[in-house]
Amino acid sequence: MAWWDRVASPMRRVWAGVATRVGIRKSGLIRLRQEVSTCEYEDVRVLWELLTESQCRRRRRGG
């Protein structure tokens, strides 16, 4: 079954990428982002901005 794992794992990654781009998967981070943006509490949006800014900075630094 080792050959199956070598084939199935990359196929799952490819499918997840295609499904996300096409819009088949409407859950997870996309749904969370939408819920946060429509939230009426200011502190939730501020915390979300802090999280996304720190993640962007980390990506720019390369790690």
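The values are calculated or read from the model by the stated rules, or taken from the named source; none is laboratory data. Note that this is a predicted model, so its numbers are computed, not measured.
The residues of the range 45-59 that are at pLDDT below 80 and among the charged types (D, E, K, R), listed by number, are Arg57, Arg58, Arg59.
For the range 3-44, the set of residues classified as modelled with pLDDT under 80 and in a loop (DSSP other than H, G, I, E, B) consists of Gly23, Ile24, Arg25, Lys26, Ser27, Gly28, listed by residue number.
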